[in-house]
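Chemist: This is the structure I have questions about; it appears just below.
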Amino acid sequence: MTDILRSIEAPINPDIPDLLPGDSVSVHVKIKEGNRERIQEFKGIVLYTHNNGTNSTFTVRRVASNGIGVERTFLTRSPRIDKVVVERHSKVRRARLYYLRDRSGKSARLKQKF
């Protein structure tokens, strides 16, 4: 039974490193427009991760123009993700960084972990 489930399960994407909440990441996503494909970069902070086998996800938040916050959830095992680059690790004390949604400016900054 478990062999059948493993054969259906999506393969692990080797281009995605272990992500932790508070990491500043750059996610390179393949986007299909008509008949051509390009790579779009989405930079932001990892708010949280869900580790659930094939349904594993991570959510990245960035502040777009005019101070509007944009959150995007990515499937960890998606073939649409070209690569994920971890730019820096931040020191956080919780697993879900929902409080960053209410903050802007200096209070939204996270201390870097060395």
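Chemist: In whole Hz and in residue order, list the ³J(HN,Hα) couplings for the stretch 89-98 that follow from phi through the Karplus curve 6.51 cos²θ - 1.76 cosθ + 1.60, θ = phi - 60°; x for Gly and Pro.
Modeler: Here the 3J(HN,Hα) series is 9, 10, 8, 10, 10, 9, 8, 10, 9, 5 Hz.
Chemist: Another question, if that's okay. Tell me the relative contact order for the stretch 9-89 as a rounded percent, counting alpha carbon contacts under 8 Å between residues six or more apart.
Modeler: 38 percent
Chemist: On to the next question. Using the Karplus curve 6.51 cos²θ - 1.76 cosθ + 1.60 with θ = phi - 60°, work out ³J(HN,Hα) for each residue of the stretch 35-42 in order, rounded to whole Hz, and write x for Gly and Pro.
Modeler: Using θ = phi - 60°, the values come out as 9, 10, 10, 9, 10, 10, 9, 10 Hz.
Chemist: Further question on the same structure: Quickly estimate the mean residue ellipticity at 222 nm for the chain, helices only: each DSSP H run with n ≥ 4 gives -39500 (n - 2.57), and the total goes over all residues, rounded to 500.
Modeler: Taken over the chain, the calculation gives -1500 deg cm²/dmol.
Chemist: Relative to the compact globular guide of 2.2 N^0.38 Å, what is the alpha carbon radius of gyration of the stretch 61-111, as a ratio?
Modeler: In units of the 2.2 N^0.38 Å rule of thumb, it is 1.34.
Chemist: May I pose another question? If you bin the C-alpha pair distances of the chain every 10 Å from 0, what whole percents do you get?
Modeler: 13, 41, 31, 13, 3, 0
Chemist: Right, here's the next one. For the stretch 76-114 and the stretch 1-62, what is the centre-to-centre distance using only Cα atoms, to the nearest Å?
Modeler: 15 Å
Chemist: Counting only pairs 8 or more residues apart or on different chains, how many lysine pairs in the chain have their Cα atoms under 29 Å apart?
Modeler: Close lysine pairs found across the chain: 15.
Chemist: May I pose another question? Peptides 8-16, 63-71, 45-53: what's the order by average Cβ count within 10 Å, highest mean first? Let's see the in-between values first.
Modeler: Details: 8-16: 11.7, 63-71: 10.1, 45-53: 16.1.
The peptides rank, most packed first, as 45-53, 8-16, 63-71.
Values in this text are rule-based calculations from the coordinates and carry no lab data. All values reported here derive from a predicted model rather than from experimental measurement. Glycine gets a Cβ as well: all are built from the backbone with ideal geometry, and neighbour counts include every protein chain shown.
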